[in-house]
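Report on the following structure.
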Amino acid sequence: MSSLELRVRLPRQDFLLDVDLRLPASGITAIFGPSGSGKTTLLRAVAGLERTDEARVVVGGEAWEDTQRGLRLATHRRPLGYVFQEASLFDHLDVGGNLRFARKRAAAEAQPLEPLLDLLGIAGLLRRRPHELSGGERQRVAIARALATQPGLLLLDEPLAAVDLARRREILPWLERLRDELRIPMLYVTHSGDEVARLADHLVLLDAGRVRASGPLAETLARTDLPAIPGEEAGALLHGTIAQRDARWQLAEVRFDGGALWIADPGLAPGHAARVRVLARDVSIALTPPDQSSIQNVLPCTVRAVAAGAHPSQALVQLACGPTLLLARITARAVHDLGLAEGRAVWAQVKSAALVA
């Protein structure tokens, strides 16, 4: 399977952006990190909007830039779509005009716009001008305009940062549809852990221009060797399906590789895919199955790793529940008293878990 190759070395006034990545050729790769870590600079370099000291950008086997070979395609020759924080639509054109303008840039023979309109739910907006749209509608049109060029890569630079919470909740389901139905790679810059958990398939953690981690989302979130990101809680992400619903108690069971958890019923039908976030602070550990406990989500697991927590009194324990990983934040004294070490069989008690939505 082809991949997306990014090698970028670019000096900035306050840091050096120096990354070397091989990313999936489909789905959403979230570029995540604190402000000033180089996320937007990386996207601009991929788009050819930044001059680099050294770069190799290969998308779908096609080289867009390779400084060793003296190759550098101009931005307008790179088959990409770019979505900014602000929609930046042409005010003098209606929605249909904005999309037709973009389609003229399509490298291949232009495809009908109707499937794209349906995918993003904007078929009824074609005759409206940008000032007649809500913030969420404008951003969906901006995404459609970027996709109308039939790009080989879609770049999204914090597309939800400029909209309020209500509009963010409006747009997220459409972004999920793009992830699930399009077969092009997407690089998604964000500083929101919630957006990462809900949308991403792959995660790149940037800090001061360097890659601290890169890998499949669930595996990367469950690592114990990465520094805590300010404002973000350590935790694991579980991919599963709704197995059954309990109408009496308003609960739903989510089954995943390695077990099952009961969560508040989100109203999804059995068989529906579900992403469940379990924070490390909500997981405790027992050596024997607990009896007569209010905690009803209890999973047999094996200790994979024990690491120091953010405070000397704390520890972070990585647990393998079958192939699925969980994290538990407990005291260092509890680690000592329970004799927790790699390979120890334990029971994870999950006090709270929530559907990512």
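The values are calculated or read from the model by the stated rules, or taken from the named source; none is laboratory data. The structure displayed is predicted, hence computed values, not measured ones. All Cβ positions, even for glycine, are placed from backbone atoms using ideal geometry, and neighbour counts span all protein chains on display.
Just a few scattered comments:
- Boolean, Arg245 is surrounded by fewer than 20 Cβ atoms within 10 Å (Cβ to Cβ) and farther than 17 Å from Ala328 by Cα: yes
- Contact map, region 251-275: first residue closer than 18 Å to Leu319 by Cβ, second residue among the hydrophobic types (A, V, I, L, M, F, W, C) and outside any strand (DSSP E or B), Cβ cut-off under 6 Å, separation 6 or more or different chains; pairs are Leu261/Ala353.
- Among the residues making up region 314-357, a single one is at positive phi and in contact with an Asp or Glu (Cβ under 7 Å, 6 or more places away or on another chain): Gly322.
- Residue within region 320-335 that is charged (D, E, K, R), surrounded by fewer than 21 Cβ atoms within 10 Å (Cβ to Cβ), touching a residue at least 24 places away in the same chain (Cβ under 8 Å) and under 25 Å from His272 (Cβ atoms) present: no
- Residue within region 51-64 that is in a helix (DSSP H, G or I) and among the hydrophobic types (A, V, I, L, M, F, W, C) present: no
- Here the condition is being acidic (Asp, Glu), in contact with a His (Cβ under 8 Å, 6 or more places away or on another chain) and more than 26 Å from Ala63 (Cβ to Cβ); of Glu158, Glu195, Glu219, it holds for Glu158 alone.
- Within region 9-21, the presence of a residue that is free of Cβ contacts under 8 Å to residues at least 40 places away in the same chain, in the same structural domain as Glu176 (by TED's automatic domain parsing), under 17 Å from the mean Cα position of the chain (by Cα) and assigned to a strand (DSSP E or B) is excluded.
- Qualifying positions in region 205-226 - closer than 20 Å to Leu279 by Cα and buried (at least 21 other Cβ atoms within 10 Å of the Cβ): Leu205, Leu217, Thr220, Leu221, Ala222
- Qualifying residue in region 293-306 (condition: surrounded by 15 or more Cβ atoms within 10 Å (Cβ to Cβ), touching a residue at least 12 places away in the same chain (Cβ under 8 Å), touching a Ser or Thr at 6+ places or on another chain (Cβ under 8 Å) and outside any loop (DSSP other than H, G, I, E, B)): yes
- Arg127 being out of contact with any strand residue (DSSP E or B) (no Cβ under 8 Å at 6 or more places or on another chain) and part of a helix (DSSP H, G or I): no
- Of all the numbered requirements in (1) over 15 Å from Leu175 (Cβ atoms); (2) modelled with pLDDT of 90 or more, Gly81 misses one, and that requirement is (1).
- Test: residue in region 227-242 that is exposed (fewer than 11 other Cβ atoms within 10 Å of the Cβ), in contact with a strand residue (DSSP E or B) (Cβ under 9 Å, 6 or more places away or on another chain) and at pLDDT 95 or above: no
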